[in-house]
Amino acid sequence: GDDLGYNLSGAINVPLSETFAIRANAFTRRDPGYVDNPVRNEKGLNTGNFEGGHVAGLWEPSDRFSIKLNVLHQSSRTDGLARSDDLPGFGDLEQDLLIKSGWLEKEVTALTANLVAGLGRTELTSVTGYNTNEFSDSIDLVPFSELTESVFGVTGTPLLDDIRTEKFTQELRLAVPLGERLEWLIGGFYTHEKSDTAQ
């Protein structure tokens with residue numbers, strides 16, 4: 001691309017006491033675009049921006065009990081498709097897509113909680129998770145726009161997608177040792193997922 005991109009990231013790990021510590025990291029990145037639209041005189045249509053972070057905290061008051069919490073978030077946006085159109089008079093990295101089409105947005109958030117507790121000779125493990133995933137984009141459907149041209153009198157047809165998924169999971173495990181080399185493991189797993197889609 002004509003412009004410069006960049007990538008910045010950092011992390012920190014801090015023990016706040018003898019039993020509790022946190023770790024955090026974050027990043028931001030810009031990918032310069034390299035596909036142009038000579039019809040509209042637009043440069044670098046497929047520029048992308050990405051950022052995210054992760055925070056984890058661990059509390060371990062004894063060797064028989066611990067809780068770890070995690071939060072992760074990441075988002076991205078690409079302004080256009082990395083696509084070339086095979087059209088007369090167009091170069092290798094040029095396109096002529098419908099205005100305001102070709103963009104893509106994603107956003108992901110994940111929360112988890114892990115608990116391990118010793119109950120006598122038995123060990124209980126609980127793993128809880130919740131996450132959301134959002135996805136939106138716009139696609140150029142000009143080659144299939146006979147209907148909109150006949151009904152609305154326009155040749156441009158964008159297809160818009162908007163999808164959101166939520167998911168919750170819970171796992172419980174109980175480990176009971178039977179001697180030095182054998183143990184019983186019993187547990188259960190539950191998950192619930194919901195997706196809303198608009199097009």
| task | Starting from residues that are hydrophobic (A, V, I, L, M, F, W, C) and part of a loop (DSSP other than H, G, I, E, B), keep the ones in segment 8-64 and report whichever is surrounded by the fewest Cβ atoms within 10 Å (Cβ to Cβ). | result | L16
| task | Only residues that are at pLDDT below 95 and over 15 Å from A82 (Cβ atoms): list them for segment 19-48, please. | result | P38, V39, R40, N41
| task | Determine, yes or no, whether L178 is without any contact (Cβ under 8 Å) to a residue 12 or more places away in the chain and over 24 Å from A198 (Cβ atoms). | result | yes
| query | How many residues does segment 128-157 hold that are open to solvent by less than 50 Å² (accessible area, probe 1.4 Å) and not small (G, A, S)? | reply | 7
| field | In segment 68-93, residue farthest from T148 (Cα to Cα) [restricted to those that are open to solvent by less than 50 Å² (accessible area, probe 1.4 Å) and outside any loop (DSSP other than H, G, I, E, B)] | value | N70
| Consider G118 against the criteria (1) open to solvent by 30 Å² or more (accessible area, probe 1.4 Å); (2) over 30 Å from V39 (Cα atoms); (3) in contact (Cβ under 8 Å) with a residue 24 or more places away in the chain; (4) of a type outside the set (K, R): it satisfies all of them except one. Which criterion is unmet? | (1)
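The values are calculated or read from the model by the stated rules, or taken from the named source; none is laboratory data. Keep in mind that this is a model prediction, so the values were computed, not measured. As a convention, Cβ positions derive from the backbone with ideal geometry for all residues, glycine included, and neighbour counts pool all protein chains shown. With ligands, DNA and RNA removed, areas are computed over all heavy atoms of the protein, side chains included. Shrake-Rupley method; radii C 1.70, N 1.55, O 1.52, S 1.80 Å.
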